[in-house]
Amino acid sequence: MATLDEDRLKQLQFLVFSKLEGAVTSGMIHLGDRLGLYRTLAAADEPLTTVELAARSALDERWIREWAYNQAAAHLLDVDTAEPGTERFSLSPEAVAVLADGDHEAFGMGMFHRLPQTMDTLRALPESFRTGLGHDYDSHGPEGAAGIERSFEPWNRAHLLTDVLPALDGVVDALRSGANVADIGCGAGGAVLMIAGAFPASRVGGYDISQHALSRAAERLRDSGLANASFHDPSVDALPSDHSLDLVTTFDCLHDMTDPQGMAEAIRAAIADEGTWLLVDIKGRDTFAENAEKNPMASLMYGISVFSCMSSALSTPGGAGLGTLGLPASKAEAIATAAGFSHFRKLPVDHAVNAFYEIRV
């Protein structure tokens, strides 16, 4: 048996338990969001004691106190410890953006919203490891769909109409004149409703296989009053195959699909020869070594892949199983080329996680 290096042993123990600390604190972040504690702190004119925070939240002070201590120890809450036992807690402006302001592009609570559903997947994963079959996104329930909605829409509201669509050659003019648009993997329909609202002469259809997401999209469509938007389950109402679409968008979903190549071919059949496919997907690199070295969130990405992305992509026998980091630019271009597209351009859109591609015939 190899001799243990005591220093390395202690370092590894610390590393392992630091991962547990992150998992436990993630649960506390979920509670802070779900119970409105971050929003209450953000709305306060001055730092609050736990007694004041509990009163404003209509919650029990002792539980609030332990939660606040966790959050301050994790450096998420600012704390004034001048009077031990009556500490005062507050959010920095940056913490307000990430933790409390659902309209800010940096808002990060979407993934934490669906944390219970994500972690509950642990019960089913041993069987997936044995059989090779994963689970689709509807297995996460309505709260899973709501979490995805909250994850992506703040950034899209800030940038889709002002930065992303204008980066595509001629697309904004086409939308103003009146274009046929399909958003595949539309989720709760945020992008569909944004585009339809901004370009009333265009017709925008959203397609998704998630019944929970489609239910939410239908509710939002009713509330919007828009007459030029619609939502479809492709198993019932298939994507057109007559080259009638001027713009197809896929936001963060191709890597989740069991047959991304088949989807690319369906897009080619749906899109006009002069049309555009906007592909938005996770920034992956060609090898694990590159991802591990250059992506500081690589371990998170691979873990989320097991919980969600790869699981979805393996939810039917023979699924492609690309996974969260499985669609680097080289792979995306190869899929597009094999489907009959010849133009592939990375767009100059700045995003921490996603890459944006313009694809044409």
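The values are calculated or read from the model by the stated rules, or taken from the named source; none is laboratory data. This one's a predicted model, so the numbers in the text were calculated from it and none came from an experiment. Please note: Cβ atoms are built from the backbone with ideal geometry, for glycine as well, and neighbour counts cover all protein chains shown.
On the basis of being within 18 Å of Cys309 (Cβ to Cβ), in contact with a Phe, Trp or Tyr (Cβ under 8 Å, 6 or more places away or on another chain) and assigned by TED's automatic domain parsing to the domain that holds Ala320, does Ala124 make the cut?
On the way: within 18 Å of Cys309 (Cβ to Cβ): yes; in contact with a Phe, Trp or Tyr (Cβ under 8 Å, 6 or more places away or on another chain): no; assigned by TED's automatic domain parsing to the domain that holds Ala320: yes.
Answer is no for this residue.
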Quiz prompt | Residue pairs meeting the criteria (Cβ under 6 Å; at least 6 apart or on separate chains; first within 15 Å of Ile271 (Cβ to Cβ), in the range 319-343; second surrounded by fewer than 20 Cβ atoms within 10 Å (Cβ to Cβ)) | solution = Ile335/Gln261; Ala336/Phe344; Ala339/Glu265; Phe341/Val361; His343/Arg360
Quiz item: Only one of these conditions is not met by Ser315: (1) part of a loop (DSSP other than H, G, I, E, B); (2) under 22 Å from Ala289 (Cα atoms); (3) touching a Gly at 6+ places or on another chain (Cβ under 6 Å). Which number is it?
Solution: (2)
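Yes or no, residue by residue, for (1) in contact with a strand residue (DSSP E or B) (Cβ under 9 Å, 6 or more places away or on another chain); (2) buried (at least 20 other Cβ atoms within 10 Å of the Cβ); (3) assigned to a helix (DSSP H, G or I); (4) not β-branched (Val, Ile, Thr):
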site	(1), (2), (3), (4)
Pro126	no, no, yes, yes
Gly134	no, yes, no, yes
Ser139	no, no, yes, yes
Pro142	no, no, yes, yes
Ala145	no, yes, yes, yes
Ile148	no, yes, yes, no
Quiz item: Of all the residues that make up the range 266-296, how many are in contact (Cβ under 8 Å) with a residue 24 or more places away in the chain and either part of a helix (DSSP H, G or I) or more than 24 Å from His343 (Cβ to Cβ) (or both)?
Solution: 7
Quiz item: So Val280 clears everything in (1) buried (at least 22 other Cβ atoms within 10 Å of the Cβ); (2) under 17 Å from Thr121 (Cβ atoms) except one condition, right? Which one?
Solution: (2)
Exercise. Name the single residue, out of those in the range 33-69 being without any contact (Cβ under 8 Å) to a residue 24 or more places away in the chain and part of a loop (DSSP other than H, G, I, E, B), that is surrounded by the fewest Cβ atoms within 10 Å (Cβ to Cβ).
Key: Asp45
Quiz item: Which numbered condition trips up Val16, out of (1) aliphatic (A, V, I, L, M); (2) buried (at least 18 other Cβ atoms within 10 Å of the Cβ); (3) farther than 24 Å from Gly147 by Cβ?
Solution: (2)
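Quick one: count up the residues across the range 336-361 that are part of a helix (DSSP H, G or I) and touching a strand residue (DSSP E or B) at 6+ places or on another chain (Cβ under 9 Å). Lay out the reasoning, then the answer.
Quick first cut of the range 336-361, residues part of a helix (DSSP H, G or I) only: 336-338.
Then keep just the ones that are touching a strand residue (DSSP E or B) at 6+ places or on another chain (Cβ under 9 Å); that gives 336-337.
Going through the range 336-361 one residue at a time, the tally reaches 2.
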Quiz item: Got a number for residues in the range 70-105 being exposed (fewer than 15 other Cβ atoms within 10 Å of the Cβ) and under 16 Å from the mean Cα position of the chain (by Cα)?
Solution: 3
Self-check item: Total residues in the range 70-88, condition within 13 Å of Met28 (Cβ to Cβ) and either in contact (Cβ under 8 Å) with a residue 12 or more places away in the chain or among the basic types (Lys, Arg) (or both)
Solution: 6
Quiz item: Do we find that Leu221 is within 19 Å of Gly147 (Cα to Cα) and not polar (S, T, N, Q) in this structure?
Solution: yes
Quiz item: So which residues in the range 196-211 are within 18 Å of Asp252 (Cβ to Cβ) and not β-branched (Val, Ile, Thr), if there are any at all?
Solution: Gly206, Tyr207, Asp208, Ser210
Quiz item: Is there any pair linking a residue in the range 106-132 that is more than 30 Å from Asp350 (Cα to Cα) and in contact (Cβ under 8 Å) with a residue 60 or more places away in the chain to one that is part of a helix (DSSP H, G or I) and among the aromatic types (Phe, Trp, Tyr), with Cβ under 7 Å and at least six apart or on different chains, and which?
Solution: Thr121/Phe307
